[in-house]
Each structure stands twice: as structure tokens, then as C-alpha cells.
Amino acid sequence: METLLFYVLGVVTLASALFVVFLRRPLHNVLFMILAMISLAGLFVMLHAEFLAMVQLVVYAGAVMVLFLFVIMLLNLEALPMPALNGRAARWWVGALLALTMVVVLGPLLRGVFMASPKPIAGMTPPMTNTDIIAKELFTTYLLPFEIASVLLLAAIVGAVVLGRRRQEKTTKD
Amino acid sequence: MVTLHHYLFLSALLFGVGIVGVMVRRNLIVILMSLELMLNAVNLTFVAFSRYLGSIEGQIFVLFIMVVAASEVAVGLAIAVAIYRQKGTVDVNEINLMKW
């Protein structure tokens, strides 16, 4: 079972990677890259790195790839084909459909909220999850690289904003 | 039975595909995406080693790789936008002002 899952995820990742490199339209490349990121997150879960799988989904598939999509749209390299939606009634229908999809997807989660959760037995510590272990190491042994990483992120933000600015009209000096 | 070698082989293949993408493609955005693919292959290597050698340090390093990769993508895409505004294209063969 685990072998089958590994081969399925591996083939999906590899095929998506090949599509990323060899397809012509940049929009298709980005979409297959998102698929590759998601299947890589699945491989991380198989390796018992659940925290990293979620971080991969949120950061890579959720932020970095969306940034790529923004840039592709901004540079007009590719227009997203939109269906012709005229009138307010069509927009209401789309919104209702999306809300219904969200409820259907999130419904099983909400069910767990309303069921009674077992009280923790006093004196018995729960086993450490992957997040606990990473947090324990990250905030003690690796605290300095963690702080430097946040400074690096600040530098990247400032750099991206400066580089993305529109050039002002240059005035001749002296 | 999935051993360490399976994961290493897969990540080596992913890395190779990323290298081919960086070398072959001329669109700057696709080159940046292939670079991200290479970084993800290295992430997979680190996590596989972290699992099979029993140490969490591999996963901590993966966190830092993700931080660096995300900031590099942000800056790289800002450069791509600036190049597009200057030259009207993101074809890397056109960006040859510094060529001898």
C-alpha cells in the first residue's frame, strides 16, 4: 500500500515536472507546477513530515505559485480565459455555487467541532507530533538562523518593492 | 517496501528535470519555475534523509530552504517585471546588453 502510494505520487510529481518544463504556454506551466507542489506535499506526509507538508502547501502552492500567476497576468503574457458572465444574476449564482462547495468541503471538519472531545487524562503527556519536535529544535538550537531568516525576508520584501517600482522621470542633477 | 533509495532517485530525477528546464527554456518566468523545481527536489532529499536517519535537522533545513526560495522568487519576479517594462519581453536571449 505504501509502495503503491509512493509510486503514484512519484509519477504524478515527475509528470507534472516534465509538463512544467516542456509546455509552451506559461499558464499551463504554472498550473502543472501547482500540481507538482501538491504531490510533493503528499510525499512529505508519507515521510512523516506533516508540518512541512502543510507549510509546503501554504507557502509554495498557495503563495509562490499565486505570485507567478500574478506576474504572468500582469505582464500580459497570457490572458486567463474567462467565461462571459453578464448581469448580476449570473454573479449571484457563481457566488452561491462557490459557497455551497466550501460548505461541502468543510462540512466534515465542522462536525468534529460539535462532537464531544475527550478530556485529557491528568499526568499523561500526549506523544510529540512532528510540529512539536520541529518547534523544540527551531526555537532553542536554531534560534539564530530563525532570526536571520526573518531579516532575510524583510530584505527580500524591500528589494521586491524597490525593483518593482515604476521608474520616475529622471531629473538631471548639477 | 520503500527505501531511502527510492526517494533519492525520485529527487535526482526532479533535479535533472529542473536543470533541463533552466537550460532549455527562454522564457524567464519558466526558468524561475524550473529553479523552484530544483529547490523542491533538494527539499525532498532533505526530508527523506531526515526520516531515514532519524534526525529532525533535515526538516529544519527544509524550512530555511523554503524561506530562502520564497524570497528569491519574490525578488526574481520583481526583476522580471522590471525587465519587461524596460525591454517589452521576458525572452532571455534579448537580455544581452552585457554580452561581449
**Report entry** For A:LEU31: the one exception among (1) more than 10 Å from chain B (Cβ to nearest Cβ); (2) under 21 Å from B:TYR7 (Cβ atoms)
**Finding:** (2)
Query raised in the report: (1) surrounded by fewer than 23 Cβ atoms within 10 Å (Cβ to Cβ); (2) farther than 19 Å from A:MET46 by Cβ: which one isn't true of B:SER50, the others all being true?
Result: (2)
Query - Qualifying positions in the range A:19-36 - under 12 Å from B:VAL17 (Cβ atoms) and surrounded by fewer than 22 Cβ atoms within 10 Å (Cβ to Cβ) - result: A:PHE19, A:PHE22, A:PHE32
Requested in this report: Give the number of residues within the range B:9-36 that are under 24 Å from B:GLY88 (Cβ atoms) and either among the aliphatic types (A, V, I, L, M) or surrounded by 18 or more Cβ atoms within 10 Å (Cβ to Cβ) (or both).
Outcome: 13
Requested in this report: Tell me, yes or no, whether the range B:61-73 has at least one residue that is in contact with a Ser or Thr (Cβ under 6 Å, 6 or more places away or on another chain) and surrounded by fewer than 20 Cβ atoms within 10 Å (Cβ to Cβ).
Outcome: no
Query - Residues (more than 19 Å from B:ALA69 (Cβ to Cβ) and modelled with pLDDT of 90 or more) located in the range A:49-75 - result: A:GLU50
Query - Residues of the range B:21-48 satisfying the condition of being more than 8 Å from chain A (Cβ to nearest Cβ) and in contact with a Ser or Thr (Cβ under 8 Å, 6 or more places away or on another chain) - result: B:VAL22, B:ALA41, B:VAL42, B:THR45
Requested in this report: Among the residues of the range B:23-57, write down those that are within 14 Å of A:PHE19 (Cα to Cα) and free of Cβ contacts under 8 Å to residues at least 24 places away in the same chain.
Outcome: B:VAL24, B:ARG25, B:VAL30, B:MET33, B:SER34, B:LEU37
Report task. Answer with yes or no whether A:GLU78 is at pLDDT below 75 and among the acidic types (Asp, Glu). Result -> yes
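Per-residue answers, yes or no, for (1) under 24 Å from A:MET1 (Cα atoms); (2) over 15 Å from the mean Cα position of the chain (by Cα):
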{"residue": "B:THR3", "(1), (2)": "yes, yes"}
{"residue": "B:LEU14", "(1), (2)": "yes, no"}
{"residue": "B:PHE49", "(1), (2)": "yes, yes"}
{"residue": "B:LEU63", "(1), (2)": "no, no"}
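The values are calculated or read from the model by the stated rules, or taken from the named source; none is laboratory data. Computed from a predicted structure; not experimentally measured. Please note: Cβ atoms are built from the backbone with ideal geometry, for glycine as well, and neighbour counts cover all protein chains shown.
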